[in-house]
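Novice: Supplied in structure tokens, the structure appears directly below.
The values are calculated or read from the model by the stated rules, or taken from the named source; none is laboratory data. Values in this document were obtained by computation on a predicted structure and should not be read as measured data. Positions of Cβ are backbone-derived with ideal geometry, glycine not excepted, and every protein chain shown enters the neighbour counts. Just the protein is used for accessible areas: all its heavy atoms, side chains included, with ligands, DNA and RNA removed. Shrake-Rupley method; radii C 1.70, N 1.55, O 1.52, S 1.80 Å.
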Amino acid sequence: MDTKNAIIFKKISFSFLITGLLLLPSLGFSQKYQEKQEKKLKKDQKKITEEILVLAEDPKELPVSTVTKLGATQIEQIKPLDLSEAIRYAPGVAVSSGEKSVYTLKLRGMDAKRIALLIDGIPIYEPYYSTFDLKTIATGGIDSLQITKGPSSVLYGPNTLGGIVNVITKRPSGKPVLSINTSLGGKSTRSLGLQSGFQWNRFAFSGTLLYQDSDGFYFPDEKTGSRMERSSSEYQRTNLNAKLYYNPNDQTELLFNSSIYLSDYSMPPEINAYKPRYWRFKNWDRYSFNTGGYTALGQKSTLRFRAYYVEYNNTLDMFKDAEMTQRRFESTFDNAVYGLFGLTDIYISRENQLKISINYKGDEARTQGDVGESWDIFDQLTFSIGIEDHLRLFDDWKLVGGLSYDYLDKFLGSDNSRLNPLLGIKYSPIPELDMHFSCSKKSKFPSMRSMYSSSSGNPDLLSEAGTNWELGFTYKKDIFVTGAVFITTFKNMIDSVRLPEYGFQRRYFNIAKAYINGFEIQMQKSFPWLSATFNYTYLDHRNESDDRPLDALPAHNLNFNCQVFPHKQVRIGFMGLMASSSSWLDFYSQELLNIPAYFNLDSIISFQINRYELFAKATNIFNLYIYSEPGFPWRGRYFELGFKASLL
């Protein structure tokens, strides 16, 4: 074992030891105390610190936007390695991987730069590029995923133009929990994880630890189908998340949360590129700490509050050769995001509830182009205040109106500010059916890179602006069906172009207008022997400024998840992804490239024996050559075996 692996092994061993020691008090719980805690949890289940908006099960209490919720059971069924695999079977969702091996997300065609990713309500994004990587989020400790599309609430703050994904990690239950899981797949792809949780008097603890590594993956040759090794696709990751709760009384909860993500990985070069790039992150690390909670304001009003700090330490090496022996340069990024927010629900009457939010956030970036060079240092502040009124007009009708003021204090250039309104109406003629019509304006502030980069930055950029219209419904009885028709228009979209007055050097400008219209539908049905979900999304889109389709957006997307239960201890799952062809504008040739239609099928068989589970997983069963960005093929046929044991 080399020195680096030895250090990681020691860290993991130490973490397991600490977690084990923390679990010892749980072993002495009495059955009576556990039952008392379970009853209390059911009674207070709506009081969740990690949620910004609580999602009710009753259709008539749903928001005036489309919200998809994936529970822990749905996520666990597909045995995902990370968030990129867990989220891609949701309606309106597309996951793609390309340059720099970043796994990006699109919601109804809008990319990650315009989407807010939250973990337990805390924003997670790299502040210089203003984007996120789905593979850095482990799924072992996830309790639910909340995916919001369309005219979302004004209470989330700015930069939610494309939608919101809130990852809710597991909270401690009434009973102590300790489980261990491991898996082994092709190319020595391995994982080892631990989940734990317990309660003791007014304290509670929940924690997850996950280690993953891989020697990379194979992909099928586009012409012959023969197995090809994908160069520079190896990785190593460690995820640790710990949450400590304290309830000083029955109306208040305090949360202390810390998480660490450590990784190093190479980035596969573009296939058949004229000048391939050879990159490796010797470290891509994220450290996060937050604290907050909720408390009652009177008998029916509440206040949620959080303060957070997230730090990114990343070192990127670029090499001259494919063997990565001759380094060209080493760039370092030492960036951070910090802030606080408060959200209050004010109960005015049975027919009227008022919600107010305040968000304050700071971004810091320290970048170094190469070892020994001077550091570029930038910072900026964002402030937002939102107010939203929920008024029940009659038993069947509800009106929701909101307004947010978003302000960006730039490091250079003129500051940006926006007023973003929301208006929606809901009609629920029967308890099982909800219909809504809503519209909103949303904005996205420019990234620090687009404004302050020494080579292409433009500090005078304006915020992108969009208008969302949606007509949707949800029916929940013998079958669950939800759908929406949506219209989205954009202006002031930011893109980099080459202009003669700037010596044909790339520079960012507000130049583009675009639209994305379409509809989506989801159907779910369960029987004693079968559970099935089907999602379909249609997109009609165009970059109006360049008079061409938007990049990598298929008009038709279909995915499904079918779970068959031939025996009470056996489960067989089939998960599929299908998309029509799309286009991609090549930056250098300015030609539209074709991205072919594709179909991907995965399958899992699982055996549950008391507290133990064995599973076998196969992905890309037909071993097809698939890509969603030119030059970056998906993994070919892959097999994995796994084991999980619930020790408590």
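Novice: How many residues, within the range 583-623, are among the aliphatic types (A, V, I, L, M) and out of contact with any strand residue (DSSP E or B) (no Cβ under 7 Å at 6 or more places or on another chain)?
Specialist: Residues meeting the conditions: 1.
Novice: Counting residues that are under 27 Å from the mean Cα position of the chain (by Cα), in contact (Cβ under 8 Å) with a residue 24 or more places away in the chain and closer than 19 Å to PHE132 by Cα, which strands (runs of 3 or more DSSP E) fully inside the range 200-288 reach at least 3?
Specialist: The qualifying strands (runs of 3 or more DSSP E) are 235-249, 252-267.
Novice: So, one more: Could you list, ordered by first residue, the pairs with Cβ atoms under 6 Å in which the first is in the range 630-648 and closer than 30 Å to SER206 by Cα and among the small types (Gly, Ala, Ser) and the second is open to solvent by less than 50 Å² (accessible area, probe 1.4 Å) and in a strand (DSSP E or B), at least 6 apart or interchain?
Specialist: GLY642/SER183; GLY642/PHE615; SER646/SER179
Novice: For the range 591-626, which residues satisfy the criterion of being touching an Asp or Glu at 6+ places or on another chain (Cβ under 9 Å), surrounded by 18 or more Cβ atoms within 10 Å (Cβ to Cβ) and more than 19 Å from PHE560 (Cα to Cα)?
Specialist: Listed by number, the residues that qualify are ILE595, PHE615, TYR625.
Novice: Identify all residues within the range 351-383 that are closer than 24 Å to SER454 by Cβ, in contact (Cβ under 8 Å) with a residue 60 or more places away in the chain and not small (Gly, Ala, Ser); write none if there are none.
Specialist: ASP363, GLU364, THR367, ASP376, PHE378, GLN380, THR382
Novice: Further, regarding this structure: Condition first: aliphatic (A, V, I, L, M) and within 17 Å of PRO63 (Cα to Cα). Now tell me which residues in the range 383-418 satisfy that.
Specialist: Passing the criteria: ILE387, LEU391, LEU393, LEU399, VAL400, LEU403.
Novice: So, of the residues in the range 433-468 that are open to solvent by 50 Å² or more (accessible area, probe 1.4 Å) and part of a loop (DSSP other than H, G, I, E, B), which turns out to be nearest to PRO63 (Cα to Cα)?
Specialist: For the range 433-468, the residue satisfying everything is LEU462.
Novice: Determine the pairs where a residue that is more than 26 Å from LEU262 (Cα to Cα), located within the range 293-321, has a partner that is among the small types (Gly, Ala, Ser) and at pLDDT 90 or above with Cβ atoms under 6 Å apart, the partner being 6 or more residues away or on another chain.
Specialist: What qualifies is THR302/ALA296; PHE305/GLY292; PHE305/GLY342.
Novice: Wholly within the range 30-111, which helices (runs of 4 or more DSSP H) include no fewer than the required count, namely at least 2 residues that are modelled with pLDDT of 60 or more and not charged (D, E, K, R)?
Specialist: Passing ranges, in order: 72-77, 83-87.
Novice: Could you grab me the full set of residues in the range 220-235 that are open to solvent by 20 Å² or more (accessible area, probe 1.4 Å) and on the phi < 0 side of the Ramachandran plot?
Specialist: ASP221, GLU222, LYS223, THR224, SER226, ARG227, MET228, GLU229, SER231, GLU234, TYR235
Novice: Could you check how many residues of the range 337-350 are more than 15 Å from ILE52 (Cβ to Cβ) and either basic (Lys, Arg) or without any contact (Cβ under 8 Å) to a residue 40 or more places away in the chain (or both)?
Specialist: Counting residues in the range 337-350 that are more than 15 Å from ILE52 (Cβ to Cβ) and either basic (Lys, Arg) or without any contact (Cβ under 8 Å) to a residue 40 or more places away in the chain (or both) gives 4.
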